[in-house]
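Everything on this sheet refers to the single structure shown next.
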Amino acid sequence: MAARPALRVCARALRVPTCRGVVSTRQFSVSCSRLNASESRGEERKTHFGYETINESEKQSRVAGVFTNVAESYDKMNDLMSLGVHRLWKDYFVSSLNPGATNPIGQPQRVLDVAGGTGDIAFRMLHHSHVLNGNPNIHVTISDINPAMLEVGRQRSLSLAAQQQSSLSFLEANAEKLPSSIPDNSLDLYTVAFGIRNFTDMPAALREAHRVLRPGGVFACLEFSKVDRFPLFNSVYKQWSFSAIPLIGQLVAGDRDSYQYLVESIERFPSQEAFRDMIVGAGFEVAGDGYENLTGGIAAIHRGIKPL
C-alpha cells in the first residue's frame with residue numbers, strides 16, 4: 001500500500017505537458033485518396049507486424065501465434081523484462097480506477113477487461129472492489145482473442161476466493177468486433193493493458209469500446225509508450241529492449257522471435273499524443289492531456305469518458 005502513493009507522486013512528477021497538434025486536411029485527403037485508389041485496384045490493406053509490413057488478413061493469426069507461444073511464460077517474462085516494475089504500473093492503474101467505489105443503482109458495476117487473458121488486471125480489480133472497498137457488487141469479464149491466454153487465466157482464477165470467482169467470467173472474442181452478448185451502452189468500465197498495440201485495427205477497437213460503454217462509462221488503457229523527451233534515458237531503454245529482451249526470451253522461454261516482435265510492436269505504437277487523438281476520434285472526451293506517463297513515459301495510462 002505504501003508504494004502506491006510514492007508511485008503516484010513519481011508518475012505525476014514525470015508527466016509531460018503536451019500541446020495538441022493541428023491535422024492537415026490536405027494531408028488527410030491525400031492519404032484517403034491513396035487508400036481508396038489501392039482498394040479500387042483490389043489490393044489488400046497493409047498493416048505492420050513489428051517492423052514487417054504484411055496484409056491485414058495475416059496479422060490476427062500471426063499475433064495469435066506469438067501469444068500462444070508465450071502464454072505459459074508470459075507473466076514470468078514480464079517480470080524479467082520490466083524488472084518487476086509492470087506490477088507497480090498495474091497496481092497503480094487499478095487503484096486509479098478505484099473499482100467498487102460506487103455502483104449503478106440496482107446492478108453490479110460491469111467491467112470488461114480486454115486482452116486480459118492471464119487475469120493480471122481482472123484479479124486486481126476484484127481484489128480492490130471486494131477487499132479494499134468491501135464491495136462484492138461487481139462483475140468482471142476477461143476477454144481475449146487467444147484461447148491459450150484465457151486458459152492460463154482460468155487456471156490462475158482457481159486460487160481466488162469463491163466470492164471473487166463468482167464475480168468473474170471469461171469470453172473469447174475479437175476486440176475489433178465484440179459479440180452481441182455485450183450490447184450497446186452496457187458497461188461501466190472498459191480496460192485494456194499492454195494489449196491494444198497488438199490489434200490489427202485499433203480505431204475499430206476504440207469504436208467498439210465506445211459502443212459498449214454506457215454514457216459516462218470509462219475507457220482506460222495501460223500501454224507501453226514513448227520516452228523521447230529524455231534522450232539519454234531513451235537510448236538506454238531502447239538498448240535494453242532490443243538487446244536484452246529477445247535474449248531473455250530465448251534463454252527463459254526458448255522463443256527469441258516472439259519477444260523480438262513484442263519489442264518491435266512497442267516501438268511501432270503511436271506516441272502519447274497520437275493515441276490520445278485516436279481515443280478522441282472514437283468519440284470519447286478526455287481531461288487535460290488525456291494521458292499520464294509512468295516511469296518517464298515507458299508506459300502511459302490513457303483515459304476517455306463516453307459523453308453523457
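Structure summary
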{"item": "Residue tally, condition in a helix (DSSP H, G or I), touching a Gly at 6+ places or on another chain (Cβ under 6 Å) and not hydrophobic (A, V, I, L, M, F, W, C), over region 233-257", "result": "1"}
{"item": "Residue among A148, A193 that is under 21 Å from A299 (Cα atoms) and open to solvent by 10 Å² or more (accessible area, probe 1.4 Å)", "result": "A193"}
{"item": "Residues satisfying the stated conditions in region 267-304, i.e. assigned to a loop (DSSP other than H, G, I, E, B), out of contact with any strand residue (DSSP E or B) (no Cβ under 7 Å at 6 or more places or on another chain) and closer than 23 Å to D201 by Cβ", "result": "P270, S271, A282, G283"}
{"item": "The listed residue being open to solvent by 20 Å² or more (accessible area, probe 1.4 Å) and either in contact with a Gly (Cβ under 7 Å, 6 or more places away or on another chain) or of a type outside the set (K, R) (or both), out of A282, A299, A274", "result": "A274"}
{"item": "Residue match in region 236-259 (condition: over 24 Å from H86 (Cα atoms) and either aliphatic (A, V, I, L, M) or open to solvent by less than 20 Å² (accessible area, probe 1.4 Å) (or both))", "result": "no"}
{"item": "Residues located in region 145-182, provided they are touching a residue at least 24 places away in the same chain (Cβ under 8 Å) and part of a loop (DSSP other than H, G, I, E, B)", "result": "I145, N146, L160, A161, S167, A173, N174, A175, E176, K177, L178, I182"}
{"item": "Odd one out for I138 among (1) modelled with pLDDT of 95 or more; (2) within 26 Å of F224 (Cα to Cα)", "result": "(2)"}
{"item": "Among (1) under 27 Å from A274 (Cβ atoms); (2) open to solvent by 40 Å² or more (accessible area, probe 1.4 Å); (3) among the aromatic types (F, W, Y), the one test that F170 misses", "result": "(1)"}
{"item": "Residue in region 197-225 that is surrounded by the fewest Cβ atoms within 10 Å (Cβ to Cβ), counting only those that are modelled with pLDDT of 95 or more, over 12 Å from F284 (Cβ atoms) and in contact with a strand residue (DSSP E or B) (Cβ under 6 Å, 6 or more places away or on another chain)", "result": "V212"}
{"item": "Subset of region 97-134 that is under 29 Å from P147 (Cα atoms) and among the hydroxyl-bearing types (S, T, Y) - its residue that is modelled with the lowest pLDDT", "result": "T118"}
{"item": "R154 under 16 Å from the mean Cα position of the chain (by Cα) and open to solvent by 30 Å² or more (accessible area, probe 1.4 Å)", "result": "no"}
{"item": "Pairs, first of a type in the set (K, R) in region 117-134, second open to solvent by less than 10 Å² (accessible area, probe 1.4 Å) and modelled with pLDDT of 95 or more, C-beta under 6 Å, six or more apart", "result": "R124/V94"}
{"item": "Every pair of residues 6+ apart whose Cβ atoms lie under 8 Å, when the first sits in region 188-214 and is farther than 22 Å from V94 by Cα and of a type in the set (D, E) while the second is in a helix (DSSP H, G or I) and at pLDDT below 95", "result": "D201/E56"}
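The values are calculated or read from the model by the stated rules, or taken from the named source; none is laboratory data. This is a predicted model, so every value here is computed, not measured. Positions of Cβ are generated from backbone atoms using ideal geometry, with glycine treated the same way; all protein chains shown enter the neighbour counts. The protein model used for the area step is the full one, side chains on, heavy atoms only, and it has no ligands, DNA or RNA in it. Shrake-Rupley method; radii C 1.70, N 1.55, O 1.52, S 1.80 Å.
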